[in-house]
Amino acid sequence: ENKLTKFYLIDSELFSTEEKIPSFDWKISNETKMIDNIKCQLATLNYKGRIWNAWFSPKYSFFSGPYIFDNLPGLIIEISDSKNHYNFKLIEINQKKYNIIIPKSLTVDSNSLKKLYLNYFENPFRKLKEKGILYSIDENGNKVSPPNFDLMVKSRQQYIFNNNNPIELSDAVKYNYR
């Protein structure tokens, strides 16, 4: 199948989406540089709101790299977006075999996923509030007043709003923070 599954953890629940595997339109440059004694060549890609700079090595005939990046004539040794918000670098090449366990998740479409993110943003402590906490215990074992959920919600919303920088920038959820 030519499908790609992506996983998202929202409020301790695992969701997934499926989409067609993208076809990347890399622009391969003649520019080269050495990375850890490996001669690499530069390729750039505009993908989902970010410009990516990938250094790949034709010496290794693997046509893949980190995340979903692939389809270069060699192994991606290093890749980062033009603003350096995301950086990936190959650490080691080995021939170990790994068992990959695909977790159970609820598959949703992209619109439903955005709604889940927006619902979580509006009430990030819903599950905790539903438990009806009367008090909590501090590190010394003393009872303390229940948490101030309004203050916690505002703080969490501000954090989410300020750190809304997904790898696929064009898919970022548009939050309204007041």
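The values are calculated or read from the model by the stated rules, or taken from the named source; none is laboratory data. Since we're looking at a predicted model, the values are computed, not measured. Positions of Cβ are backbone-derived with ideal geometry, glycine not excepted, and every protein chain shown enters the neighbour counts. Surface areas here come from the heavy atoms of the whole protein model, side chains and all, with no ligands, DNA or RNA. Shrake-Rupley method; radii C 1.70, N 1.55, O 1.52, S 1.80 Å.
Taking 7 Å steps out from each Cα toward its Cβ at Asp36 and Glu122 produces label points 4.6 nm apart. When the square roots of the Cα gyration tensor eigenvalues are ordered a ≥ b ≥ c, the ratio a/c for segment 27-108 is 1.5 or more and a/b does not exceed b/c, which makes its shape oblate.
Figure legend: label point modelled 7 angstrom from the Cα of Phe149 along Cα→Cβ; residues of segment 105-137 with amide N under 15 Å from it are 120-136.
For the pair Ser12 and Glu139, a Förster radius of 22 Å applied to the C-beta separation gives a FRET efficiency near 0.45, rounded to the nearest 0.05.
Peptide packing: for 163-169, 115-121, the average count of neighbouring Cβ atoms within 10 Å per residue gives the ranking 115-121, 163-169, highest mean first. Rounded to the nearest 5, what % of DSSP beta bridges with both residues in the chain are antiparallel? For the chain, the DSSP antiparallel bridge percentage is about 95. Per-residue ellipticity at 222 nm computed for the chain from its helices equals -5500 deg cm²/dmol, with DSSP H segments shorter than 4 residues left out and the rest contributing -39,500 (n - 2.57).
For the chain, the fraction of 1.4 Å probe accessible surface lying on carbon and sulfur atoms is 51 percent. The protection proxy used here, the mean number of other Cβ atoms lying within 10 Å of each residue, ranks peptides 47-60, 93-106 as follows, highest first: 47-60, 93-106. Three semi-axes describe the equivalent ellipsoid of the chain; taken as square roots of 5 times the Cα gyration tensor eigenvalues and ordered largest first, they are 40, 19, 18 Å. Entry comment: accessible area of the chain is 72 Å² per residue, from protein heavy atoms only and a probe of 1.4 Å. A probe of 1.4 angstrom, applied to the heavy atoms of all protein chains, finds Glu92 with accessible area near 120 square angstrom.
In a reduced charge model with +1 at each Lys and Arg Cβ and -1 at each Asp and Glu Cβ, segment 52-115 shows a dipole moment near 220 debye about its Cα centre.
Taking label points 7 Å from Cα along the Cα-to-Cβ direction, Asn2 and Asn84 give a separation of 3.8 nm.
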